[in-house]
Amino acid sequence: MDSSNLDDIVIPAQVRYDKRLPANARLLYGDLLAKAKNGQYYMASRHWLAETTGMSRDSVKGWLKKLDECGYIRRERIYDADGKRKPGWMIYIMPLDDRRSTTGQPQDGQNVTKVIL
């Protein structure tokens, strides 16, 4: 593998020590955070994430769901102009210092990083 394509990941302590998260969900969060640095958008599928982690798509799906449930990310389905669902999700990295509201939406003034899967 070309080392120029590798990103160093940093996993914030709040995520790293969250006992609700499986270890691999914590690593996936760090990877998503690294890919979304500087507000860049990255397109990736669960299939690609599964290949890069060496795990199944179902495992990746479960980790994303757990990260969403714990408030670290927010997932949104992607639809085309005709309202038809496209394969993939819009992933928002939620700020750690300001937890999301009970509606699941970022609160006013929150900086949200977007990753497209």
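Scanning the stretch 1-40 for residues that are among the acidic types (Asp, Glu) and at pLDDT 80 or above yields ASP8, ASP18, ASP31. Within the stretch 70-96, restricting attention to residues that are part of a loop (DSSP other than H, G, I, E, B) and under 17 Å from the mean Cα position of the chain (by Cα), the residue that is modelled with the lowest pLDDT is LEU96.
Check whether at least one residue in the stretch 41-56 is at pLDDT 80 or above and among the acidic types (Asp, Glu), and report yes or no. Yes, the stretch 41-56 contains at least one residue that is at pLDDT 80 or above and among the acidic types (Asp, Glu).
The values are calculated or read from the model by the stated rules, or taken from the named source; none is laboratory data. Keep in mind it's a predicted model, so treat the numbers as computed, not measured.
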